[in-house]
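Q: Before I ask anything, let me first share the structure, which is written out below as structure tokens.
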Amino acid sequence: MISSKLTVGRVLRCSTTGFVVGCQTLLPEMPTFGAFVKVAVQNTEVYGLIYNVSIQDDPLVRQILSAPGVPEEMILDQRHNRQMPIEVSVLVVGFRAGDRVYHYLPPQPPPALDEIYLCDEAEIVAFTSSLDYLRTILGTKSDVPADELLAASLRQASVCRGHGTPDRAFLVQAGRELVRLLNDDPVRLDGILRRLRS
């Protein structure tokens, strides 16, 4: 069922609402905030959004920091040649079963050590053809930066539709949906709309 080959990493910890992925990658390929990802669970694909990327403690970095006058070559080697232990936190926003996409929580979380993949443009466009997933982001109560994540996901979906440039019509449609969902919280709504314009 999984078609994309752009692997983010493997599941470390999981629940129905989200999961943490462990990966080791070089800095330029580090997963990005707001990226759409997927993982196979039984006969479904669970979709999520990356909301945190954390570089874990590295003993070599501690040694480098304690040394006086760190050479530039050592810093560049650390950044570009060594693999860093990274944890990626993902908020679950929906799933696909067969040809249908559902914008609510899946019946099961992904098993530990399952591979997580980046979604391609076609998958992002298909998933965001309905904006019902915005409710899941807005309703999250954990440490997820919901407003920033929501805006990042809409910007990414817009660029996928515009093949590299933002699709203004999609952003206007998303803005209307946000007005409907947040009509009782104009301050929050204004903050999200400002993030969409930037």
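Q: Check each of the trypsin sites (Lys or Arg not before Pro) in the range 119-198 and keep only those in coil by DSSP with at most 11 other C-beta atoms within 10 angstrom; list them in order.
A: Lys141
Q: Hey, another quick one. Report the net charge of residues surrounding Ser158, where surrounding means a beta-carbon distance below 11 angstrom and charges are Lys +1, Arg +1, Asp -1, Glu -1. Write down the numbers at each step before the final one.
A: On the way: positive: Arg155, Arg161, Arg168; negative: Asp167.
Its environment carries a net charge of +2.
Q: Once label points are set 7 Å from the Cα along Cα→Cβ at both Ser54 and Ala97, what is their separation, rounded to one decimal in nm?
A: 3.2
Laboratory data are not the source of any read-out in this text; all were calculated from the coordinates shown. The structure displayed is predicted, hence computed values, not measured ones. Reconstructed Cβ throughout: ideal geometry from the backbone, glycine too, with neighbour counts over all protein chains shown.
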